[in-house]
Each structure stands twice: as C-alpha cells, then as structure tokens.
Amino acid sequence: MEYNAKFTAMRPGQLRHRDHRFEWTRAEFEQWAQGVAQRHGYSVQFHPIGDADPELGPPTQLGVFQR
C-alpha cells in the first residue's frame with residue numbers, strides 16, 4: 001500500500017487493481033501473517049516482489065509459510 005504513492009493519478013483509498021478487495025501496508029501484512037503462522041504452528045518468511053523504492057519499499061510482497 002505504501003508503494004501506491006508512486007501512482008500520482010490514484011485517488012486516496014483507490015485500489016491498484018479491480019480484483020483487489022483491500023490493500024495492507026507491509027507492517028499490516030507481516031503482523032497478520034505472523035499471527036496466522038503462530039496460531040497454526042508455521043513459520044513465515046517475507047520476500048519483496050518487484051524493484052524496491054528506497055522509501056516506499058517494493059510494489060508488493062509475498063509470505064511463504066512453512067511447517
């Protein structure tokens with residue numbers, strides 16, 4: 001979600017893709033994923049997808065859950 005600032009034509013609250021139901025910040029996603037992993041006996045690793053902006057981070061991210 002932080003990366004959305006790079007899209008100057010986007011209105012506040014607008015989602016990047018019509019298929020998106022919501023967007024989280026990196027911290028929100030990591031908090032959610034860590035909670036799910038902990039509750040279900042998994043570990044989770046986070047990986048950036050796309051070129052990372054020094055201030056805004058990557059365009060998206062992925063969490064890999066492993067038991």
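The set of residues in segment 1-15 being surrounded by 12 or more Cβ atoms within 10 Å (Cβ to Cβ) and within 16 Å of E28 (Cβ to Cβ) consists of M1, E2, Y3, N4, L15. What number of residues within segment 13-39 are β-branched (V, I, T) and at pLDDT 95 or above? The total comes to 1.
Taken over segment 16-67, the criterion of being surrounded by 13 or more Cβ atoms within 10 Å (Cβ to Cβ), of a type in the set (G, A, S) and outside any strand (DSSP E or B) is satisfied by A33, A37, A52.
Are any of the residues in segment 4-22 under 13 Å from the mean Cα position of the chain (by Cα) and in contact (Cβ under 8 Å) with a residue 24 or more places away in the chain? Within segment 4-22, none of the residues are under 13 Å from the mean Cα position of the chain (by Cα) and in contact (Cβ under 8 Å) with a residue 24 or more places away in the chain. Restricting the first member to segment 51-65 and to residues that are of a type in the set (V, I, T), and the second to residues that are outside any strand (DSSP E or B) and buried (at least 16 other Cβ atoms within 10 Å of the Cβ), the beta-carbon pairs closer than 8 Å and six or more apart or on different chains are T60/Y3.
The values are calculated or read from the model by the stated rules, or taken from the named source; none is laboratory data. Computed from a prediction, not measured in an experiment: that's the story for all the values here. A quick note on method: Cβ atoms are made from the backbone with ideal geometry, for glycine too, and the neighbour counts reach across all protein chains shown.
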